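The values are calculated or read from the model by the stated rules, or taken from the named source; none is laboratory data. What you are looking at is a predicted structure, and each value in this text was computed from that prediction instead of being measured. All Cβ positions, even for glycine, are placed from backbone atoms using ideal geometry, and neighbour counts span all protein chains on display.
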Amino acid sequence: MKRIVICAMLSLGMMSSAYALHLEIVNKSKGSIHHLYLSAASQKSWGPDQLGSGSDDTVEPGSKFTLHGIEAGTYDVKIATEDGTECEIDGVEFDESKEWVVTEHMLDKCGG
C-alpha cells in the first residue's frame, strides 16, 4: 500500500490551465531525482517511470522536468532520488497544471 507523505515544503502550485495539463518538477535539492511515477488515485500500482529508464534520465539539482499531456483527474505522484529516498503525495487533483518543488528539507522528512 502506498504511504502518504505530507511535507510542508511540498509546493503544488497552480500554473496556467490547459486541456493537456502538465506537471513541472523543480529540483531544489542537493541530489538527483532518478524516478518519477504517476498513478491514477484509484489504482494500486504505479505507472511507468516518466523520466525514462536510461542512466541519463534524471533531474539534476537546479534543473526542471516537465511531464506533458496529463489528463484531468486525481493522481498519486512519487519521486525517488539517487540514494533511494522516496517521496509521495496522494490525491493530487489535476484540474490545472501543477508545479512540484523538491527541496532538501522535504527529502530529509521523507527519508526519516
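Here are the numbers:
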quantity	calculated
Residue tally, condition more than 21 Å from E82 (Cβ to Cβ) and either in contact with a helix residue (DSSP H, G or I) (Cβ under 7 Å, 6 or more places away or on another chain) or not small (G, A, S) (or both), over region 33-50	2
Residues (of a type outside the set (S, T, Y) and not in a strand (DSSP E or B)) located in region 87-106	D95, E96, E104, H105, M106
Check on G84, under 15 Å from M106 (Cα atoms) and part of a loop (DSSP other than H, G, I, E, B)	yes
Of residues in region 14-40 being at pLDDT below 90 and in contact with a His (Cβ under 9 Å, 6 or more places away or on another chain), the one surrounded by the fewest Cβ atoms within 10 Å (Cβ to Cβ)	A20
